[in-house]
Amino acid sequence: MVVGQNGAHQQEESVYNLIPRVQVQAPKPPRYESKFKSTVRESFKDGKHEHRTMGYADEPVPDPQQFLKKKQNESKTMASSVAKETSSKRDSPQRKPPVPSIRDVPKMGTRTEKNFVQTNALDVVMTVPKKPERNVVDDRFGDKFPIDQSGLAPKYVFKKNFGEVPVYIKTRRDEMEKAKQEYQAYVSDYFRRGAMREMDDNERQTIIDGLKKQWEDVHHEYQTLSVIIDTIPKRQHKERLEHQMQLLEKDIDLLEKHQVIYIAD
């Protein structure tokens with residue numbers, strides 16, 4: 001290819017361009033046909049009628065022996081009309097009574113003994129006046145809302161049972177009192193047998209004081225330990241003192257928490 005000054009492409013002359021070339025067209029592949037073609041066609045035609053919409057291809061000639069007789073189609077026509085009328089009556093809504101005609105004269109001369117003025121006056125006197133709604137205005141534009149349903153007004157404090165102990169708390173209190181009485185009866189039975197005895201206050205206080213004194217001694221020994229614990233015996237001694245103080249604190253807490261303590265002999 002040679003490009004000229006104006007930018008147009010010019011084809012270079014060649015001997016091979018003078019020989020006409022035969023264009024070879026590739027053969028088309030065979031058309032695909034499914035092997036179920038005949039089966040599908042038969043299943044599609046199955047159950048269909050050829051002359052249902054377009055009529056017969058050849059109109060059949062009526063039989064001369066089966067000629068039309070007198071009043072032969074009246075029974076079919078009457079049956080179809082009765083069925084159509086019945087279905088229309090069933091589907092149509094129930095009709096309202098007709099509008100009275102302009103020539104219909106209403107009943108005249110009927111009078112009543114009721115005194116409407118007196119009845120209205122009694123209704124007004126006996127009517128309970130409507131209570132005004134309790135509303136509250138929350139902005140300068142006058143928008144209001146009912147205060148009773150808003151929760152801003154005290155409502156439950158005016159109930160009859162307000163401030164009283166609930167029933168379930170009374171029931172639970174009675175159950176606890178009953179369980180306590182049963183336990184006291186059980187302990188008294190053991191006292192009679194001599195299997196248990198109750199620790200008096202002086203004995204309990206003496207034990208508490210002794211435990212506290214022992215805790216102070218252990219704590220004093222714990223404070224006298226060296227600051228640097230660099231050997232295994234020192235660490236074991238420190239852990240043993242900490243364990244002793246924890247046990248003493250647990251025993252002191254147990255005795256101070258329970259006022260009544262029973263001892264099994």
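When Tyr190 is evaluated against the numbered criteria (1) surrounded by fewer than 11 Cβ atoms within 10 Å (Cβ to Cβ); (2) aromatic (Phe, Trp, Tyr); (3) at pLDDT below 85, which criterion, by number, is the only one it fails?
(1)
With the condition kept exactly as written, say whether any residue in the range 15-26 is more than 60 Å from the chain's Cα centre (by Cα), surrounded by 10 or more Cβ atoms within 10 Å (Cβ to Cβ) and either on the phi < 0 side of the Ramachandran plot or at pLDDT 75 or above (or both).
yes
Just wondering, is there one or more residues in the range 3-14 that are modelled with pLDDT of 75 or more and assigned to a loop (DSSP other than H, G, I, E, B)?
Checked against the condition, which is being modelled with pLDDT of 75 or more and assigned to a loop (DSSP other than H, G, I, E, B), the range 3-14 yields at least one hit.
Quick check on the range 172-193. Is at least one of its residues outside any helix (DSSP H, G or I) and either at positive phi or not hydrophobic (A, V, I, L, M, F, W, C) (or both)?
No, the range 172-193 contains no residue that is outside any helix (DSSP H, G or I) and either at positive phi or not hydrophobic (A, V, I, L, M, F, W, C) (or both).
Can you confirm whether Val157 is in a helix (DSSP H, G or I) and under 30 Å from Asp138 (Cβ atoms)?
Here the answer is yes, as Val157 does meet what is asked.
Of everything in the range 213-260 that's in contact (Cβ under 8 Å) with a residue 40 or more places away in the chain and assigned to a helix (DSSP H, G or I), which residue is surrounded by the most Cβ atoms within 10 Å (Cβ to Cβ)?
Among residues in the range 213-260 that are in contact (Cβ under 8 Å) with a residue 40 or more places away in the chain and assigned to a helix (DSSP H, G or I), the one surrounded by the most Cβ atoms within 10 Å (Cβ to Cβ) is Ile252.
Tell me the residue from Met126, Met196 that is of a type in the set (A, V, I, L, M) and touching a residue at least 24 places away in the same chain (Cβ under 8 Å), please.
Within the list Met126, Met196, the selection yields Met196.
Of everything in the range 193-212 that's over 28 Å from Arg240 (Cα atoms) and touching an Asp or Glu at 6+ places or on another chain (Cβ under 8 Å), which residue is surrounded by the fewest Cβ atoms within 10 Å (Cβ to Cβ)?
Gly194
The values are calculated or read from the model by the stated rules, or taken from the named source; none is laboratory data. Just so we're clear, the structure is a prediction, and the values are computed from it rather than from any experiment. All Cβ positions, glycine included, derive from the backbone under ideal geometry; neighbour counts span all protein chains shown.
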